[in-house]
Amino acid sequence: MSTNDHNLSNRLTTVRDYIRWGASQMNAAEVYFGHGTDNALDEAATLVLHALHLPPDLPETYFAAVLTPQECATVQALIEQRIATRQPAAYLTRRAWFMGLPFEVDQRVLVPRSPIAELIERQFQPWLADPEAVTAILDLCTGSGCIGIACAYAFPEAHVDLVDISPEALEVASLNVAEHGLYERVQVIASDVFTALPGRRYPLIISNPPYVDAAEYASLPAEYRHEPALGLQAGTDGLEIVRQILDQAGDYLTEDGWLVVEVGSSQAALLAAYPDLPFIWPEFERGGEGVFLLPAAALR
Ligand SMILES: C[S@@+](CC[C@H](N)C(=O)[O-])C[C@H]1O[C@@H](n2cnc3c(N)ncnc32)[C@H](O)[C@@H]1O
């Protein structure tokens, strides 16, 4: 940032001023948005409100409030850090939101953003016959634990297993289980896909596994380099883990269970590799695509 900005606080005074300024700076620097927000103003609001220790849903009347000189400097430094380091805002604030719930995140886990949140909210209707009968759920490739923990809220009777191969990711998932006070119903398990789960059966298996193919990974914006490669990379065609899930899920689903998997941009490769599987591709009101559902019967 240039030395001209040292006197920024003479020109910018309010919360609104700093959100506008932060958005302009990030746009000018061509920062990438895609880890929790999709535009500069929302990203700037996230960072400014965080720096001021204010809630992310601050009522607009407070946007005219004037910052102290110290607050101006803190806000400016955070926006500058976002631009200089290209870290997703969630790593700077250590907070992400999924299905309206707060999650602690850092560079050990991907920033939660799966459209599966919308399906959890509606308890996988109309596909899941009887949500009340769901007593066990597996969140495979759990990262921060966001999907499984959101499921624990949506299915209050269910026990939930959070599985990941990364011990670092499981540390973060455990923090989130504790923060949500769910340790009696939500268990964290280290496992390479299904390896550590012999004999378990679930009416619902949900997974947002790594699915980025080699070519796409090489071209991702800088923000993605701060995320664990293990959470993104999945071989040449992006299907390395998805293939294992499809091969084995039938053995871990109950008879009328459902498998739900996000494959994102690898949807075309999946359809080419499995032309005979009856994938269901739900539409999302709040954006996103590339999530399929399959009934257990299709996997046997
Ligand atoms: C795309 S991230 C998803 C994280 C989280 N479910 C979410 O939606 O934010 C994929 C996760 O899969 C984990 N993973 C990668 N390979 C795995 C494997 N073979 N078995 C289990 N987990 C794996 C990574 O450590 C990472 O946390």
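Tabulated data for the structure shown
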read-out	value
Residue list for region 141-198, restricted to those being within 9 Å of the ligand (Cβ to nearest atom), closer than 22 Å to Leu239 by Cα and either of a type in the set (Phe, Trp, Tyr) or surrounded by fewer than 23 Cβ atoms within 10 Å (Cβ to Cβ) (or both)	Ile165, Ser166, Ala190, Ser191, Asp192, Val193, Phe194, Thr195
Of residues in region 249-286 being hydroxyl-bearing (Ser, Thr, Tyr) and over 24 Å from Glu216 (Cα atoms), the one surrounded by the fewest Cβ atoms within 10 Å (Cβ to Cβ)	Thr254
Qualifying residue in region 172-185 (condition: among the hydrophobic types (A, V, I, L, M, F, W, C), in the same structural domain as Gln248 (by TED's automatic domain parsing) and in contact with a Pro (Cβ under 8 Å, 6 or more places away or on another chain))	no
Exclusive hit being without any contact (Cβ under 8 Å) to a residue 60 or more places away in the chain, over 19 Å from the mean Cα position of the chain (by Cα), in the same structural domain as Gln125 (by TED's automatic domain parsing) and not in a helix (DSSP H, G or I), set Leu197, Leu162	Leu197
Checklist (1) within 12 Å of the ligand (Cβ to nearest atom); (2) over 28 Å from Pro295 (Cα atoms) applied to Thr85, failing item	(1)
Residue match in region 25-43 (condition: within 16 Å of the ligand (Cβ to nearest atom) and in contact with a Pro (Cβ under 6 Å, 6 or more places away or on another chain))	yes
Residue in region 245-261 that is within 15 Å of the ligand (Cβ to nearest atom), at pLDDT 95 or above, in a helix (DSSP H, G or I) and within 24 Å of Val111 (Cα to Cα) present	yes
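The values are calculated or read from the model by the stated rules, or taken from the named source; none is laboratory data. This is a predicted model, so every value here is computed, not measured. Glycine gets a Cβ as well: all are built from the backbone with ideal geometry, and neighbour counts include every protein chain shown.
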